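Undergrad: I'd like to ask some things about the structure below.
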């Protein structure tokens with residue numbers, strides 16, 4: 001998969017450059033995300049992610065955010081399959097973001113939706129198509145399970 005969602009109806013793949021993240025707020029109303037939210041959810045495995053704190057390039061501080069127990073986690077994502085005019089198939093994805101939890105508030109104003117391990121199977125369940133039920137998973141990860149440390 002290529003990062004940057006290209007909706008099935010897009011005229012060209014360059015639209016994916018603007019769709020690396022999908023805001024959880026109103027996600028079910030955006031044409032690019034409406035159908036994938038119901039039928040094309042995915043997990044993007046990670047051991048950590050990075051955020052930069054600060055307003056200016058020289059003053060930014062890089063942080064590594066991970067689970068306190070060091071285990072891998074799944075970021076909630078959406079995918080779509082686009083066909084170019086020449087017939088080539090391109091599968092793309094986006095990460096869903098939400099309001100930050102207390103760990104991230106001092107660093108950044110958004111965070112990826114990290115699913116609890118017990119929610120991952122439900123997130124991938126193709127029979128779950130009710131938008132209101134799906135949206136219950138789009139919440140900040142519990143504060144006590146995450147850590148943020150300065151990174152080199």
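The values are calculated or read from the model by the stated rules, or taken from the named source; none is laboratory data. Keep in mind it's a predicted model, so treat the numbers as computed, not measured. Here the Cβ positions follow ideal geometry from the backbone for every residue, glycine too, while neighbour counts run over all protein chains shown.
Undergrad: Counting just the residues of the range 62-85 that are assigned to a loop (DSSP other than H, G, I, E, B) and touching a strand residue (DSSP E or B) at 6+ places or on another chain (Cβ under 6 Å), which one comes out nearest to residue 150 (Cα to Cα)?
TA: Here the residue is 68.
Undergrad: I'm checking my understanding of the structure. Among residues of the range 125-152 that are assigned to a loop (DSSP other than H, G, I, E, B) and in contact with a strand residue (DSSP E or B) (Cβ under 7 Å, 6 or more places away or on another chain), which one is surrounded by the fewest Cβ atoms within 10 Å (Cβ to Cβ)?
TA: Across the range 125-152, the extreme among qualifying residues is 151.
Undergrad: Related question: Does residue 85 fit the bill of being more than 14 Å from residue 42 (Cβ to Cβ) and modelled with pLDDT under 95?
TA: In short, yes.
Undergrad: For the range 7-14, does any single residue satisfy the condition of being assigned to a strand (DSSP E or B) and either surrounded by fewer than 16 Cβ atoms within 10 Å (Cβ to Cβ) or more than 11 Å from the chain's Cα centre (by Cα) (or both)?
TA: The answer is no, given that none of the residues of the range 7-14 is assigned to a strand (DSSP E or B) and either surrounded by fewer than 16 Cβ atoms within 10 Å (Cβ to Cβ) or more than 11 Å from the chain's Cα centre (by Cα) (or both).
Undergrad: Please give the number of the condition residue 111 fails out of (1) exposed (fewer than 11 other Cβ atoms within 10 Å of the Cβ); (2) under 30 Å from residue 10 (Cβ atoms).
TA: The one condition residue 111 does not meet is (1).
Undergrad: Same structure, new question: Which one of these is modelled with pLDDT under 95 and either on the phi < 0 side of the Ramachandran plot or surrounded by 15 or more Cβ atoms within 10 Å (Cβ to Cβ) (or both): 55, 22, 46, 76?
TA: Exactly one of 55, 22, 46, 76 is modelled with pLDDT under 95 and either on the phi < 0 side of the Ramachandran plot or surrounded by 15 or more Cβ atoms within 10 Å (Cβ to Cβ) (or both), namely 55.
Undergrad: So, of the residues in the range 113-123 that are out of contact with any strand residue (DSSP E or B) (no Cβ under 6 Å at 6 or more places or on another chain) and part of a helix (DSSP H, G or I), which turns out to be nearest to residue 35 (Cα to Cα)?
TA: The residue in question is 122.
Undergrad: Of the residues in the range 24-57, how many are assigned to a helix (DSSP H, G or I), touching a helix residue (DSSP H, G or I) at 6+ places or on another chain (Cβ under 8 Å) and touching a residue at least 60 places away in the same chain (Cβ under 8 Å)?
TA: Looking only at that region, the number is 5.
Undergrad: Determine if the range 86-97 includes at least one residue that is touching a residue at least 40 places away in the same chain (Cβ under 8 Å) and in a loop (DSSP other than H, G, I, E, B).
TA: Checking the range 86-97: not a single residue is touching a residue at least 40 places away in the same chain (Cβ under 8 Å) and in a loop (DSSP other than H, G, I, E, B).
Undergrad: Just one of the numbered conditions (1) more than 17 Å from residue 61 (Cβ to Cβ); (2) buried (at least 16 other Cβ atoms within 10 Å of the Cβ); (3) in contact with a helix residue (DSSP H, G or I) (Cβ under 7 Å, 6 or more places away or on another chain) is not true of residue 122; which one?
TA: Tallying (1) more than 17 Å from residue 61 (Cβ to Cβ); (2) buried (at least 16 other Cβ atoms within 10 Å of the Cβ); (3) in contact with a helix residue (DSSP H, G or I) (Cβ under 7 Å, 6 or more places away or on another chain), residue 122 fails exactly one: (3).
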